[in-house]
């Protein structure tokens, strides 16, 4: 999978997660084209107000048919949406496309497994147990980034780029999502506590045991 949005220093909207999985052959086919990534990047950088097809055509000097075809496919796969008509400036008629899906939240869980977690009430219980510790950690991390000059450049842009659909900043959501993902990854792959947890349940072995 190609790196999603490159050249971070030149971007208005920051990217924290650079890869995401593909769930279908259709997605793979569409996202295999360089122009698709360029269009998504333009829309992402345009922020919550989006960008018109004409603006993309002008910037890239591309045939209109290529741009409109890519936009049509991205829209069909719910990667982008049209900026709400009732929120446009008075007199504005052109369609503005907004990047709906970046990298955060882009994963797939087996449907049967997911349903079992929900039916048994496990997800609700896990969420409740983790809610306060995670929010406390998010606050602590945000304060750390805000107070240190070397980290401030990584903070999402404040009070702008609010999605007209979910009323949240996708950039900020990705920031916290990346922190959580990286933390979970380190805990599961490198922590002694988790290794011990697996060994106690028969899901891991000591090298000395394997050698015998």
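The values are calculated or read from the model by the stated rules, or taken from the named source; none is laboratory data. Everything numeric in this text was worked out from a predicted model, so none of it was measured. Because the Cβ atoms are built from the backbone with ideal geometry, glycine has one as well, and the counts that use them run over all protein chains shown.
The residues of segment 48-68 that are out of contact with any strand residue (DSSP E or B) (no Cβ under 8 Å at 6 or more places or on another chain) and surrounded by 15 or more Cβ atoms within 10 Å (Cβ to Cβ), listed by number, are 55, 56, 57, 62, 66, 67.
Selection of first residues in segment 105-117 that are part of a loop (DSSP other than H, G, I, E, B) and of second residues that are exposed (fewer than 11 other Cβ atoms within 10 Å of the Cβ) and modelled with pLDDT under 90, restricted to Cβ pairs under 9 Å at least 6 apart or on distinct chains, gives the following pairs, ordered by first then second residue: 106/21; 107/21; 108/21.
Consider residue 109 carefully, then state whether it is out of contact with any helix residue (DSSP H, G or I) (no Cβ under 6 Å at 6 or more places or on another chain) and either farther than 28 Å from residue 157 by Cα or modelled with pLDDT under 75 (or both).
Taking the combined requirement at face value, the residue satisfies it.
Against the condition surrounded by 15 or more Cβ atoms within 10 Å (Cβ to Cβ) and closer than 20 Å to residue 168 by Cα, how does residue 38 come out, does it pass? No, not satisfied. The set of residues in segment 69-84 being buried (at least 16 other Cβ atoms within 10 Å of the Cβ) and part of a helix (DSSP H, G or I) consists of 70, 71, 73, 74. Whether any residue in segment 160-167 is part of a loop (DSSP other than H, G, I, E, B) and either exposed (fewer than 10 other Cβ atoms within 10 Å of the Cβ) or at positive phi (or both) is what I want to check. Yes: segment 160-167 contains one or more residues that are part of a loop (DSSP other than H, G, I, E, B) and either exposed (fewer than 10 other Cβ atoms within 10 Å of the Cβ) or at positive phi (or both). Give the residue, chosen from 157, 137, 183, that is farther than 30 Å from residue 97 by Cα, surrounded by 13 or more Cβ atoms within 10 Å (Cβ to Cβ) and within 17 Å of the chain's Cα centre (by Cα). 183 is the lone residue from the list that is farther than 30 Å from residue 97 by Cα, surrounded by 13 or more Cβ atoms within 10 Å (Cβ to Cβ) and within 17 Å of the chain's Cα centre (by Cα). Out of curiosity, is residue 73 without any contact (Cβ under 8 Å) to a residue 40 or more places away in the chain and more than 20 Å from residue 184 (Cα to Cα)? When the stated conditions are applied, residue 73 does not pass them. Within segment 137-164, residues that are free of Cβ contacts under 8 Å to residues at least 12 places away in the same chain have Cβ atoms under 7 Å from residues that are assigned to a loop (DSSP other than H, G, I, E, B) and surrounded by fewer than 16 Cβ atoms within 10 Å (Cβ to Cβ) in these pairs: 145/154; 145/155; 146/155, counting only partners at least 6 apart in sequence or on another chain.
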